[in-house]
Amino acid sequence: MCGIVGYVGERQARPIIIKGLHRLEYRGYDSAGVALVGKGGQIDLYKCKGKVDDLEHFLEGKDTTSTIGIGHTRWATHGEPNDANAHPHFSQSGRLALIHNGIIENFRVLKDALISHGFSFRSSTDSEVLVNLIEYIQDTNECTLEEAVRIALQQVVGAYAIAVIERGNARRIIAARQSSPMAIGIGEGEYFLSSDAASIIDYTQEFVYLNDGEVAVIEKGKPLQIKNLFGEASKVDIQKLEMSISQLEKGGYPHFMLKEIHEQPDTIVDCIRGRVNPETREIILSGVLDNKDKFLKAGRIIFVACGTSWHASLIGEHLIENLCRIPVEVEYASEFRYRNPIIRPDDVVIAVSQSGETADTLAAIEIAKRCGAFVYGICNVIGSSIARATDSGTYIHVGPEIGVASTKAFTGQVTVMAMLALVIGKLRGTIDMDYYHQVAGALLELPETIRKALESAPAVEKLASIFTYAHNFIYLGRGYNYPTALEGALKLKEISYIHAEGLPAAEMKHGPIALIDAEMPTVVIATLDHTYEKTVSNIEEIKARGGKIIAVISEGDTQLRKRADFCLEVPSTAECLMPIVSIIPLQLLAYYIATNKGRNVDQPRNLAKSVTVE
Ligand code: F6R
């Protein structure tokens, strides 16, 4: 949550920071601000409630000449979204300005101590406590800003990525991280700073990713210095990030979400490239093959994830149990971490995360590692905290996902899970090799299959206009498509704010069917698979109670065409890959209903893309 950008060099800092903040707005968008060291050495601070556009208006006509600055876009944790709580925050004397992403858990204790030393506060944030703590330490210890930051952070419990500038110093930014991402971009005589390297890719492709407990001294004209909280130097490891700027633009679509839905044929090409051999139909996942013994002797696989990634993991459970015959558990990372879970050394824990920064998933990984389990990551963001914290893993390679509602990451995650299950199944000898090659072939055809599924967009748009004003929806599915129902419901609620519930189709008669009347549309994923007839019976039960059925059906299914009120056709593929196809019309349905309702689909209320707080 929250986005951080910083710059120090020879160029004007403001436009670089504003552009970066726009790119980071997916991380939070309730207020924004920037602090610059002005010509006279003073810190000029501008911040306001609202989006980065509002900040830009606020800055119009102001003299912001400066070659050093820090900027922030906020997703409120402590204190409501207003001007005072927006970042940056001044220290009491105005000598320091700080931006912060994360949560200082012991801020109350620190705040009380500072109040007893005569400090007062302008905001209700934990971040203002931190900047005052740094100032207090610097004053009492008569030390440098860097030392004060290190000493202050030794007293802090919680998560943070921070950047601090000082009055009178137009050359240096101090940055630090603990459980919240921070990348430093290296330019020619200049440095960039961001909570997501992609936001500053226009300026450099060379990045240093701070590790937990590291403090960076970023000074114009000097080599980058990184130390731990006790002042010991750490290695400066520069990594290259290959990414094109067009991946960060809307490319003619009205919203990132729609662009990302339509990108899926291409993102799946990128996801399987170099992994599924088109000639031999052999699958290579180096992360698995390099750790063969772990997967060969795995007694159990435990997925840990949140939200959409958790839904993808439920599909992973089916895939691995079916094809590898290994018992699988799927855990909400937030529950797992606080439940004293039983983890054995022969367990393989698979952490699934688009952003690679989700706090609960990271914490679950730490627990699994402490218990001696082998931890495998399925991430999208290269170099993210989860990618680095895991023992090995597979990137989904679907490119930056900017719309807050996850779409192409879901299909990428399921695609990787299918490849994973095939590779492990082959290693363990639990998969029939004809079936292996058949599914590998279906994976190769998947981009084309998704392209065909996307042809339903005009029909979905029409359907959406019929149901825009429904107040509730039920989504049903079975087997591989039960998680698809959960995911379809999540898409609808998060961007349209319509209540929607996903259920296994057969569970209806155990209670939820009482909700059915003419006002309650039910979306059923009823493609031709081994539970098809059962799903048809479930549809009949709903129809008999006056419910309206929107069915996602296989191409050419005449039976359901006659029975359902509305049908959306999708092309067929291997049953175990079907969620990757059947989710497409559900993503589109949520999108069109939400846009009909005038919702901001890329930045839905109360949400942020990357949940780096508990
Ligand atoms: C839903 C959505 C969230 C995320 C969840 C986990 O559209 O985006 O539910 O899936 O916050 O995020 P990652 O995958 O980044 O760990």
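Could you tell me which of rounded, prolate or oblate describes the stretch 3-243, using a ≥ b ≥ c as the square roots of the eigenvalues of the alpha-carbon gyration tensor, with rounded for a/c under 1.5 and, failing that, prolate when a/b is larger than b/c and oblate otherwise? Because its axes are fairly even, with a/c under 1.5, the stretch 3-243 counts as rounded. Taking every alpha-carbon pair under 8 Å whose residues sit at least 6 apart, the stretch 250-431 reaches a relative contact order of 28 percent. Seen against the Cα atoms of the chain and their longest principal axis, helix 13-24 is set at about 20 degrees.
When the trypsin sites (Lys or Arg not before Pro) in the stretch 331-410 are filtered for DSSP coil states and for at most 15 other beta-carbon atoms within 10 Å of their beta-carbon, the remaining sites are Arg339. Here r is the Cβ-Cβ distance between Gln155 and Lys292 and R0 is 51 Å; the resulting FRET efficiency, rounded to 0.05, is 0.65. Projecting the Cα atoms of Cys576, Val217, Ala197 onto the dipole axis of the chain, where Lys and Arg carry +1 and Asp and Glu carry -1 at the beta carbon, places Val217 farthest toward the positive end.
Rounded to the nearest 20 debye, the dipole magnitude of the stretch 3-243 is 200 debye, with +1 charges on Lys and Arg beta carbons, -1 on Asp and Glu beta carbons, and the Cα centre as origin.
Relative to the longest principal axis of the Cα atoms of the chain, the long axis of helix 107-116 lies at roughly 20 degrees.
The gain in end-to-end length when the Val236 to Glu56 segment is fully stretched comes to 61.4 nm, 0.36 nm per residue minus the alpha carbon separation.
Taking the square roots of 5 times each eigenvalue of the Cα gyration tensor of the chain, largest first, gives ellipsoid semi-axes of 45, 27, 22 Å.
Label 7 Å along Cα→Cβ of Asn600; the stretch 459-495 residues with amide nitrogen under 20 Å? In the stretch 459-495, the label zone of Asn600 (backbone N under 20 Å from the point 7 Å along Cα→Cβ) covers 491-495.
The stretch 547-614 and the stretch 1-53 have their alpha-carbon centroids 37 Å apart. For the pair Gln438 and Glu10, the difference between a 0.36 nm per residue extended length and the Cα-Cα distance amounts to 148.3 nm. Relative to the first principal axis of the alpha-carbon coordinates of the chain, what is the inclination of helix 359-370, with its axis defined by its Cα atoms, in degrees from 0 to 90 and to the nearest 10? Tilt of helix 359-370: around 90 degrees. Assuming a ≥ b ≥ c are the square roots of the Cα gyration tensor eigenvalues, decide whether the stretch 456-596 counts as rounded (a/c under 1.5), prolate (otherwise, with a/b larger than b/c) or oblate. Taking the square roots of the gyration eigenvalues as a ≥ b ≥ c, the stretch 456-596 is rounded.
In a reduced charge model with +1 at each Lys and Arg Cβ and -1 at each Asp and Glu Cβ, the chain shows a dipole moment near 280 debye about its Cα centre.
Among the chymotrypsin sites (Phe, Trp or Tyr not before Pro) within the stretch 189-272, those in coil by DSSP and having at most 12 neighbouring Cβ atoms inside 10 Å are Phe230. For the listed residue pairs Lys493/Lys609; Lys47/Lys222; Lys259/Lys609, the alpha carbons are over 23 angstrom apart in Lys47/Lys222. Spatial offset of the stretch 432-453 relative to the stretch 395-413 amounts to 20 Å, using the alpha carbon center of each.
Each part reduced to its alpha carbon centroid, the stretch 131-159 and the stretch 252-285 end up 47 Å apart. Ordering Leu24, Gly38, Gly6 by the projection of their Cα atoms onto the charge dipole of the stretch 3-243, which places +1 on the Cβ of Lys and Arg and -1 on the Cβ of Asp and Glu, puts Gly38 at the extreme positive end.
Just so you know, all these numbers are worked out from the coordinates, no wet-lab data involved. Everything numeric in this text was worked out from a predicted model, so none of it was measured. Positions of Cβ are backbone-derived with ideal geometry, glycine not excepted, and every protein chain shown enters the neighbour counts.
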